[in-house]
Ligand SMILES: C[S@@+](CC[C@H](N)C(=O)[O-])C[C@H]1O[C@@H](n2cnc3c(N)ncnc32)[C@H](O)[C@@H]1O
């Protein structure tokens with residue numbers, strides 16, 4: 001397994017990873033949305049719509065956008081409800097205030113709140129939400145199982161967690177080609193958009209340590225989720241994982 005030693009040393013221990021990730025996103029916050037559009041050629045919007053389609057939002061739902069960043073999913077959920085002519089309440093929560101500051105400044109419907117919070121210790125009571133949506137968050141958390149358990153706790157019985165993240169194609173050959181492509185493209189994008197080739201090399205590095213979508217189903221089941229599954233996007237290069245709290 002090829003690992004970038006410099007980054008590896010900074011994300012090995014949970015406390016280090018938390019610090020590294022927070023500093024990373026604080027640094028890129030101003031150009032985060034642009035970077036997303038450039039790196040995915042706009043496709044992240046379509047993938048986020050896939051996640052929201054799986055959320056099956058209903059009138060009155062309370063939705064947590066965890067690791068909300070600039071709030072794409074939060075706003076997408078509100079837009080979806082507006083199209084269906086019903087109301088929901090959406091709270092965005094993120095560790096990095098700089099990301100949410102950029103999100104708050106964007107035009108769009110009003111959220112019920114933007115809350116500074118760590119996914120590993122959420123400041124919400126048990127059963128506070130009907131849906132927890134997470135876009136490109138799980139891979140960044142310093143403790144995946146604790147974050148899954150916290151999301152489970154904050155869902156009411158019958159609630160659902162839906163997460164979108166980089167995935168691992170099933171074929172080993174494809175997986176290697178994909179990671180190689182990410183190694184190069186993230187360097188180019190980091191240099192072009194942030195004048196720092198290292199700023200996005202973290203993506204393939206964190207992906208190398210991140211469970212694939214099939215293993216994620218097992219991890220979700222192990223904290224109590226039921227009806228877990230996943231949807232591959234772009235041949236598994238991206239994936240939406242989901243599961244319900246009974
Ligand atoms: C790649 S961005 C995703 C932003 C947005 N959800 C999207 O899909 O565009 C990852 C976000 O995870 C946040 N994050 C990382 N660790 C976190 C944690 N422990 N608790 C809450 N948010 C965290 C970062 O601050 C960052 O805003």
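The values are calculated or read from the model by the stated rules, or taken from the named source; none is laboratory data. These figures come from a predicted structure and were not determined experimentally. Cβ atoms come from the backbone with ideal geometry, glycine included; neighbour counts cover every protein chain shown.
Assorted remarks:
- Test for residue 62: is it closer than 27 Å to residue 230 by Cα and more than 15 Å from the ligand (Cβ to nearest atom): yes
- The set of residues in the range 79-96 being more than 9 Å from the ligand (Cβ to nearest atom) and either surrounded by fewer than 23 Cβ atoms within 10 Å (Cβ to Cβ) or assigned to a loop (DSSP other than H, G, I, E, B) (or both) consists of 79, 80, 81, 82, 83, 84, 85, 86, 87, 88, 89, 91.
- Within the range 27-45, residues that are over 18 Å from residue 106 (Cα atoms) sit with their Cβ atoms under 8 Å from residues that are within 10 Å of the ligand (Cβ to nearest atom) and at pLDDT 95 or above, at 6+ positions apart or across chains, in these pairs: 40/47.
- Members of the range 198-212 that are modelled with pLDDT under 90 and surrounded by fewer than 17 Cβ atoms within 10 Å (Cβ to Cβ): 198
- Screening 65, 56 for residues that are modelled with pLDDT of 95 or more and either surrounded by 13 or more Cβ atoms within 10 Å (Cβ to Cβ) or out of contact with any strand residue (DSSP E or B) (no Cβ under 8 Å at 6 or more places or on another chain) (or both) leaves exactly one candidate, 65.
- Given (1) under 25 Å from residue 203 (Cβ atoms); (2) within 13 Å of the ligand (Cβ to nearest atom); (3) touching a strand residue (DSSP E or B) at 6+ places or on another chain (Cβ under 7 Å), number of the condition residue 21 does not satisfy: (3)
Let's see how each residue does on (1) under 30 Å from residue 56 (Cβ atoms); (2) out of contact with any helix residue (DSSP H, G or I) (no Cβ under 8 Å at 6 or more places or on another chain):
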{"residue": "162", "(1), (2)": "yes, no"}
{"residue": "167", "(1), (2)": "yes, no"}
{"residue": "171", "(1), (2)": "no, yes"}
{"residue": "177", "(1), (2)": "no, yes"}
{"residue": "183", "(1), (2)": "no, no"}
{"residue": "189", "(1), (2)": "no, no"}
{"residue": "196", "(1), (2)": "no, no"}
{"residue": "207", "(1), (2)": "yes, no"}
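- Subset of the range 98-147 [outside any loop (DSSP other than H, G, I, E, B), away from the ligand (no atom under 14 Å from the Cβ) and loosely packed, with under 15 Cβ neighbours inside 10 Å]: 105, 113
- Taking the range 166-182 as the range and being surrounded by 14 or more Cβ atoms within 10 Å (Cβ to Cβ) and either within 22 Å of residue 134 (Cα to Cα) or touching a residue at least 40 places away in the same chain (Cβ under 8 Å) (or both) as the test, the residues that pass are 166, 167, 168, 169, 174, 178, 179, 182.
- Yes/no for residue 148 being at pLDDT 95 or above and more than 28 Å from residue 123 (Cβ to Cβ): no
- Any hit, the range 35-48, residues being over 30 Å from residue 187 (Cα atoms), within 15 Å of the ligand (Cβ to nearest atom) and within 15 Å of the chain's Cα centre (by Cα): no
- Residue count for the range 148-181, restricted to those that are farther than 19 Å from residue 233 by Cβ, within 16 Å of the ligand (Cβ to nearest atom) and either touching a strand residue (DSSP E or B) at 6+ places or on another chain (Cβ under 8 Å) or in a loop (DSSP other than H, G, I, E, B) (or both): 5
- Residue tally, condition surrounded by 16 or more Cβ atoms within 10 Å (Cβ to Cβ) and either touching a residue at least 12 places away in the same chain (Cβ under 8 Å) or not in a helix (DSSP H, G or I) (or both), over the range 184-197: 5
- Among residues of the range 1-49, those that are in a helix (DSSP H, G or I) and over 16 Å from residue 75 (Cβ atoms), counted: 30
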